[in-house]
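So the structure is just underneath, and the comments pick up after that.
Please treat every number below as a calculation from the coordinates, not as lab data. None of the values given here were measured: they were computed from a predicted structure. Neighbour counts are summed over all protein chains in view; Cβ atoms, including those assigned to glycine, are modelled from backbone coordinates with ideal geometry.
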Amino acid sequence: MKDPVIRSNRIQCLMALLSAAVVAVCVCAGVTMNLVTIYDENFDHMGIRTFCMFTVNSNILAGLSMLLCLPYTVDGLRTGDYHLPDWVVILMHVACTAVTLTFLVSLFLLAPVKGFVLIFSGSRFFLHGVCPVLTILTFCRFIRSHIVRLGESFLPLIPVSLYAAVYLIMVVVIGEDNGGWNDFYGFATRIPLWISLVSVLPITYGIAALLRLGHNTCCSRCRARDAELYRQAYGGTDLPGAVAAMARSRKRTLGKSDIVIPARLIGYLIQDSSDHMEPEDAYRRYLEVFLEEP
């Protein structure tokens, strides 16, 4: 019997690989364009000073999190067992929240003042638009390895809080006349400072919560679909026999050099079976069948 999840798993891997790679390339393009632009009459922070902007820093964080995803997707294509470490998914959630905040600020605060064409052209086309949108799509649609817990949804507040503190010190406490920054985001001049102070973290958490909902919903649907595929393939088969059939089919497809015990998928079988079998016994059975000579 052919393993019903290998093809689905590899499609997930491929989509995650392509989308993550595109985000990383677009981040590199946008940041490089800012670094090589020494002067822009519409924006003060070009060249090395581009790192003053949350836009740039949030996009770099997103690009790095996507780069961390790539080796695991490549390995998933090779082994047929696509899975990201929990900490990578959590970092992607943090980064996705940050670039979503960047996108919303660009759309609703900067664009009405400076013009939509200016805010979404040149390097800003990547950093204000393409990268945030693709990061959201990637995280909520193609990253399916870890259900983000409620407590983990507070972690995106950390980078925003740190940047907000630096921005407040450089813009308000030090000020442009004393070597600080001008209020390029308008958080202290275009809107009352107290509104910025009391709203930025609740808005950030709201974004994180919505992204968590989208990501977790997609993860749950994907897991339910994989479980249904196995129910259809091995329904009516005793649990040891189903584990053995899975091992034989994956051995034929993947080859004997790629021995990866699909613990998550075996868990689906155990969960949906009326037979009692400990996970360790199921893993041992899988490995024995996978390694047996034809």
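Observations, loosely collected:
- Projected area averaged over orientations for the stretch 29-83, convex hull of C-alpha atoms, nm²: 4.5 nm²
- Cα point-scatterer Debye curve for the stretch 1-123, base-10 log of I(q)/I(0) at q = 0.09, 0.19, 0.22 Å⁻¹: -0.34, -1.02, -1.22
- P(r), alpha carbons of the stretch 238-291 - 5 Å bins starting at zero, rounded %: 4, 23, 37, 22, 11, 4, 0
- Relative contact order %, the stretch 208-280, counting alpha carbon pairs below 8 Å whose residues are six or more apart: 39 percent
- Per-residue Cβ neighbour rank within 10 angstrom, fewest leading, PHE290, PHE125: PHE125, PHE290
- Ellipticity at 222 nm from helices only: DSSP H runs of n ≥ 4 in the chain, each -39500 (n - 2.57), divided by the residue count, give -21000 deg cm²/dmol.
- Footprinting exposure proxy for TRP181, TRP87 (fewest neighbouring C-beta atoms within 10 Å first): TRP87, TRP181
- Neighbour counting of Cβ atoms within 10 Å sorts the residues PHE108, PHE139, fewest neighbours leading, into PHE108, PHE139.
- Counted charge near PRO156, where neighbours are those whose Cβ lies closer than 15 Å (Asp, Glu -1; Lys, Arg +1): +1
- Translational D in µm²/s for the stretch 6-223 (Stokes-Einstein at 37 °C, 0.692 mPa s, Kirkwood Rh from C-alpha pairs): 182 µm²/s
- Structural descriptor for the stretch 6-223: relative contact order 24 percent, calculated from alpha carbon pairs under 8 angstrom and at least 6 residues apart.
- Helix 193-234 and the long axis of the chain differ in direction by around 20°, with both axes built from C-alpha atoms.
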